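Please read the structure below before turning to the comments.
Readers should treat all values here as calculations from the given coordinates under stated rules, not as data from a laboratory. Since the model is a prediction, treat every value here as computed from it, not as a measurement. With ideal geometry, Cβ positions are generated from the backbone for all residues, glycine too; neighbour counts draw on all protein chains shown.
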Amino acid sequence: MSEPRFSGDDGWVTSLLRLKRYEAPEPGYAVDFLERFRERQRAEMLKGSATRLWLERLGTYLDSGLFPRWMVATGAGAALAAMGGLAWWGGQELRGPSMAGGFPSSGVYLDSRAVVPVELQGPFVPFPATDVGQAGSFDHIQLVPPDYVAPDLRPGP
Amino acid sequence: MDRKEEANGDAELVRRAQAGDTKAFDELVLKFTSRLHGLVYNMTANREDTDDLLQDIFAKAYRSLRRFRGHSSFYTWIYTIAVNMTLNFLKKRGRRQTTSLEQLDFEAIDRDVALGGLLSNSDPVRETHIHELQRRLNEAMLRLSEDHRAVVTMFDIQGLPHSEISEILGISQGTVRSRLFYAHRQLQNFLEEFRR
């Protein structure tokens, strides 16, 4: 320690502090530490999803001081606004004008506007998909005219 | 090995690690574990916290290594990461502080001439007195503010010059001297009974 002391009266304190130089972990600590560090790195590589790692790297990159704080804040705000806008737009698309009653509890999603319930799933759907889903009910759809008489298809005597 | 040679050796290891040589990074970990352990331990006074923080520090250094451009030495760079992460940890920990102290190397203490005058070899309960002093020193250190503790750790315990401390902490050398002055004055008050 070749630096000059700021005060001449604190020599005994700095001498006492020397004791702290001899507080040390047991021999072999560094090797053991390195082994645990490697294990942790391996575990994190396996555990971490690609998205998490990407976000972590983005955070470290932005945190590196290469960008002014206002730029980071503005970028984060713009990204949040864009995500919010996308979420709102997606919600509007899914709701649509004929989905006032919400989604049936089960069904096949053909596209964002048409839902086919399980009981109607099959090779043929006898009405346009846009008619489906009025408050989740299908009672209003008449498949046959009211005066229609079914032909007797039983085999004759 | 002088500082310049050491810095050149580190730069070569860093270059290899940046190119994907994990063994080169392992060498850096082995080389700096002891020094960084001393830094973090003397600021936290807790072995378990020190171990956890060291893991986080090297993990962060590993992730950020590609962006290290060598404007400062690797030594200064990783010290800066360590000090900042430890100061953040201490701010979060607040008053929830428990000490768990490292063991003392009594053989090395015996060889230290500067300590010899303070700790007489003829004292029959010498080890007990040294352990008591160790406990009180750590308590006194914890009573300092984190910023003051950092400069005392780096200057008085680790022997870093003012210029390096100022670079690591991003403050002027005058501020380093001023913090040392006030920290020493506080330590004199806390440890008055050990004055001879």
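Here is how the numbers come out for the structure above:
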item: Built amide H within the under 5 Å cut-off of B:ASN46, gap 5+; result: B:SER100
item: Peptide-level mean, for A:30-37, of C-beta atoms on other protein chains within 10 Å; result: 5
item: Filter on A:LYS47/B:LYS91; A:LYS47/B:LYS23; A:LYS47/B:LYS31; B:LYS23/B:LYS91; B:LYS31/B:LYS91; B:LYS4/B:LYS92 - keep pairs with C-alpha separation over 26 Å; result: A:LYS47/B:LYS91; A:LYS47/B:LYS31; B:LYS23/B:LYS91; B:LYS31/B:LYS91; B:LYS4/B:LYS92
item: Cβ neighbours within 10 Å from other chains - mean over B:181-192; result: 3
item: Folded to 0 to 90 degrees: helix B:74-93 orientation relative to chain B principal axis, Cα; result: 60
item: Exercise: per-residue mean of other protein chain Cβ atoms within 10 Å, B:44-50; result: 1
item: Pair-distance profile P(r), taking every C-alpha pair of the stretch B:102-195, with 10 angstrom steps and integer %; result: 14, 41, 32, 11, 1
item: Spatial separation of Cα centroids for the stretch B:128-196 and the stretch B:1-73, in angstrom; result: 24
item: Which of A:ARG57, B:ARG179 has the fewest Cβ neighbours within 10 Å, and the rest in rising order; result: A:ARG57, B:ARG179
